[in-house]
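Trainee: Below you will find the structure I want to go over with you.
Here, each number is a calculation from the coordinates, and none is a lab measurement. Since the model is a prediction, treat every value here as computed from it, not as a measurement. Note that each Cβ is placed from the backbone with ideal geometry, even for glycine, and that neighbours are counted across all protein chains shown.
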Amino acid sequence: MKIKATVATLSVLSMLSFGAFAAQSVDTTQAAKLQPAGVITVSGVAAAPSDIRQALSDKADAKGATAYRVIEARNDGNFHATAEIYK
């Protein structure tokens, strides 16, 4: 029983620590203090704003960024968003 509790605890902690490293959305003031690392774009069909933010965060993570700032976004049936990423 103790082993099951330990495994469950480690699983939860690993999920929390993984989420702690996700790229965060920042505003212009916060971005001014960070080092620019490029630009990313995401696009697709019929997504909620939270899905678009998650797609930007995932793509920023894949590029090794710690933060991103949305510089262009539209959502009229199809969505498209562009963000500057920061290290």
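Trainee: In what sequence do LEU34, LEU56 fall when counting other Cβ within 10 Å, fewest first? Please list the in-between numbers first.
Mentor: Numbers: LEU34 17, LEU56 24.
So the ranking, lowest neighbour count to highest, is LEU34, LEU56.
Trainee: For region 56-65, what does the Karplus curve 6.51 cos²θ - 1.76 cosθ + 1.60, with θ = phi - 60°, yield as ³J(HN,Hα) per residue in whole Hz, taken in order and with x for Gly and Pro?
Mentor: Coupling constants for region 56-65: 5, 4, 4, 5, 5, 4, 4, 8, x, 7 Hz.
Trainee: Can you spot the aspartates and glutamates whose alpha carbon is less than 18 Å from LYS33's alpha carbon? Ignore those fewer than 8 places along the same chain.
Mentor: Correct list for LYS33: GLU84.
Trainee: Just rank LYS59, LYS33, fewest to most, by other beta-carbon atoms within 10 angstrom.
Mentor: On the way: LYS59 18, LYS33 9.
Neighbour counts put them in this order, fewest first: LYS33, LYS59.
Trainee: For region 23-86, take every pair of Cα atoms, bin their distances at 5 Å starting from 0, and report each bin as a whole percent.
Mentor: The percentages, shortest bin first, are 4, 22, 32, 22, 14, 6, 1.
Trainee: What is the sum of charges around ALA32, taking Lys and Arg as +1, Asp and Glu as -1, for the other residues whose C-beta is under 12 Å from the C-beta of ALA32?
Mentor: Value of the local net charge: 0.
Trainee: Ok, one more. Can you compute the label reach from LYS87? Point 7 Å from Cα along the Cβ direction, backbone N cut-off under 11 Å, restricted to region 17-60.
Mentor: Correct set: 35-38.
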